[in-house]
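Novice: Below: one structure in structure tokens.
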Amino acid sequence: MTQRSEFSGYPVDTGYPVDSGLPEVPIRRTCPFDPSPELAGLRTARPVARAVMPLDGSEVWLVTGHDLVRRMLADPRWSSSVDGGLGEDRPLRLKQPEPGMFIEMDGPEHARYRRMLIPHFTVQRTNRLRPRIEQIVAERLDAMERLPRPVDLVAEFALPVPSLVICELLGMPYEERAGFQEAARALVRLDSPAGETEAALDRLAGHLAKLIAAKRAEPDGALIGELVREGVLTDGELVQISMLLLVAGHETTANMLGLGTLLLLRHPDQLALVRQGAPGAADELLRYLSIIDAVMFRGAKEDLTLGGQRIRAGEFGLASLGAANRDPALCEDPDRLDVTRPRTAHVALGFGPHQCLGQNLARLELEVALQALLRRFPGLRAAVPLEEVSIREDAAIHGVDSLPVTW
Amino acid sequence: MSAVDVPGETAAGAPAEATADAGVTGVTVDRESCCGAGQCVLAAPAVFAQSEEDGLVVLLDPNPPAELRDAVRRAQSYCPSRSVTVR
Ligand code: HEM
Ligand code: SF4
């Protein structure tokens, strides 16, 4: 049963479903492409709901409505300095971020770093990278063509393309790229054993420290070179910033390419439209897949009200981008993939001051890479049945581990 | 403005619709709160740009013609830091 709040017009929690206890987060996907139907139920009945994290028993506010998710993410009373969460058996708590790790910062501290980076990610600046991205993509496709089939699309295309683009952006010298890529890859594969991840982190920090030293000696026009020339940031901050760009831009784009290709293979009409260059395809794929869905934690710094619920300082919230992106209030027929639909105000890239800094680059990479892949291999198809594709169920970012393809 | 393009705006507490067919009378931007996402540029490139220098929003046309009204409203709706105001 739901009632509408007199003040906000939002449905108010009246205890639905009465007997099933609190929903457990993360609410796992049963289909790799779709947020769980349970989230749709919550969005209608209780768009701001108490939920429990089974690993440590702590409770969070799970926010599922599109408008409410946007309000929450734009509200400065919610802090991004949150530690713990999914897959970690320690309770959520507010933390002190490392200098430079601005995705975990709030207010002026966050803005200070973000503003130093914005000029590198504007629409105009990103478009200048297009020829290099086209070249990187074409080289990977050439390499794929030379391999015996089936080829793993994730290992040979989806992962290397974004990591090479980040090398380009940071200004990583060519002779360092292979080692950097290998370490980056070990890091982003969250399924690798804990010890391996740490070793990869060390190797990566080593590569980055070397990069920064080289740019200090001889600053160039790429991102790190320019930040070094501006002379405000310490080496420690520069390592954190590079690491953030790498982690935020690598696995996300890779999973969009892998899962996005798989989705298109199951919708041949949509695939044909993407191959022809449908301009809104990247945003529709982002909206539909919502690969970041279960990690958008925030901590309330003050008492506040959201969707008629009173939330107290010290409590935590989780914004379900997936539920928000399939909200009928966002667009018509939200559960249908339609790469020709007018652009929506989807939240796959977040909302508020932390909204994806690399979004213009992400759109460009997706557009260039998907079009080129589908044009190069018009007969592209999965080499195994869907049930055999290994889906990353537990990961923080939805995607596929590997995708054997042939053509 | 179509419901498809700019969803949930009334619920989001955005300013009420301007009188039905009036042209856009004024656009303002807040460079203090702008977080440089560039959504406004994608929605209405004739009205917004990002400065080459600091990447923050630059208003190219504070009084855009009526035919750009929907695009400007979309920019307002997409802007993640609510830095675009349409009067
Ligand atoms: C293609 C898929 C991508 C998706 C789905 C995605 C999604 C997101 C989301 C949801 C956030 C918000 C996080 C939060 O509010 O806590 C975010 C932030 C961020 N993203 Fe992306 N991203 C993508 C690609 C990229 C790329 C290519 C880069 C850069 C090379 C990048 C760099 C960043 C950075 C630096 C932040 C933090 C911004 C801040 O805290 O101010 N992302 N991204
Ligand atoms: S959309 Fe908003 S935050 Fe992004 S550049 Fe334009 S004004 Fe700034």
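Novice: Counting partner chain Cβ atoms within 10 Å of every residue's Cβ in A:342-354, what's the average? All intermediate terms of the calculation are to be shown ahead of the outcome.
Specialist: Working: counts 5, 7, 6, 13, 2, 1, 0, 3, 2, 6, 5, 7, 4.
Per residue, the number of nearby Cβ atoms from other chains is 5 on average.
Novice: Could I ask something else about it? As an exercise, use a Förster radius of 41 Å and the Cβ-Cβ distance of A:Asp220 and B:Thr85 to find the FRET efficiency, rounded to the nearest 0.05. Walk me through the intermediate numbers first.
Specialist: Numbers: r = 39 Å, r/R0 = 0.96.
Plugging the Cβ-Cβ distance into 1/(1 + (r/R0)^6) gives 0.55.
Novice: Quick one: grab the alpha carbon gyration tensor of chain A, order the square roots of its eigenvalues as a ≥ b ≥ c, and give me rounded if a/c is under 1.5, else prolate or oblate depending on whether a/b is larger than b/c.
Specialist: Values: a/c = 1.76, a/b = 1.24, b/c = 1.42.
Verdict is oblate for chain A.
Novice: Further, regarding this structure: Counting Lys and Arg as +1 and Asp and Glu as -1, each charge on the Cβ, what is the dipole of the protein assembly as shown about the Cα centre in debye, to the nearest 20?
Specialist: Details: 52 positive and 69 negative charges, 126 e Å.
With only Lys, Arg, Asp and Glu charged at Cβ, the dipole is about 600 debye.
Novice: Need one number: nm distance between label points at A:Glu182 and A:Val384, each 7 Å from Cα along Cα→Cβ, rounded to one decimal.
Specialist: Spacing of the two 7 Å Cα→Cβ label points: 2.5 nm.
Novice: Under a crude label model (7 Å from the Cα following the beta-carbon direction), how far is A:Thr197 from A:Met101 in nanometres?
Specialist: Reported label-point gap for A:Thr197 and A:Met101 is 1.3 nm.
Novice: Just how large is the dipole of the stretch B:27-86 about the Cα centre, in debye to the nearest 20, putting +1 at every Lys and Arg Cβ and -1 at every Asp and Glu Cβ?
Specialist: Numbers: 5 positive and 8 negative charges, 62 e Å.
Dipole about the Cα centre, nearest 20: 300 debye.
Novice: Considering the zone a paramagnetic label at B:Leu60 would reach in this model (a point 7 Å from Cα along the Cα-to-Cβ line), which residues of the stretch B:31-48 have amide N under 17 Å from it?
Specialist: B:37-48
Novice: Can you tell me the FRET efficiency between B:Thr28 and A:Glu139 if r is taken as the Cβ-Cβ distance and R0 is 41 Å, rounded to the nearest 0.05? If you can, show how the numbers build up before the last one.
Specialist: Values: r = 46 Å, r/R0 = 1.11.
E between B:Thr28 and A:Glu139, to the nearest 0.05, is 0.35.
Novice: Here's another thing I want to ask about it. Is the stretch A:133-221 rounded, prolate or oblate when judged by the Cα gyration tensor, a ≥ b ≥ c being the square roots of its eigenvalues, rounded requiring a/c under 1.5 and prolate requiring a/b larger than b/c? Before the final figure, lay out each step's value.
Specialist: Values: a/c = 2.92, a/b = 1.25, b/c = 2.34.
Since a/c reaches 1.5 but b/c is at least a/b, the shape of the stretch A:133-221 is classed as oblate.
Novice: Moving to a separate point now. Taking the Cα centre of the stretch B:27-86 as the origin and placing charges on Cβ (Lys, Arg +1; Asp, Glu -1), which of B:Val72, B:Cys34, B:Phe48 is farthest toward the positive end of the dipole?
Specialist: Ranked along the dipole, the leading option is B:Val72.
Novice: Taking θ = phi - 60°, what integer Hz values does the Karplus form 6.51 cos²θ - 1.76 cosθ + 1.60 yield along the stretch A:369-386, in sequence order, with x for Gly and Pro?
Specialist: Values, residue by residue: 5, 5, 4, 5, 4, 6, 6, 5, 10, x, x, 4, 8, 5, 8, 9, x, 3 Hz.
Novice: Please give, to one decimal in nm, the separation of the simple spin-label points placed at A:Arg93 and A:Val232, each 7 Å out from Cα toward the Cβ.
Specialist: 3.2
Novice: Another question about this same structure. What lysines could a cross-link reach from A:Lys95, if we take a straight Cα to Cα line under 27 Å and drop same-chain neighbours fewer than 8 places away?
Specialist: The qualifying lysines are A:Lys301.
Every number here is computed from the coordinates shown, using simple stated rules; none is lab data. Every value quoted in this text rests on a predicted model; they were computed, and no experiment measured them. Backbone-built Cβ (ideal geometry, glycine too); neighbour counts: all protein chains shown.
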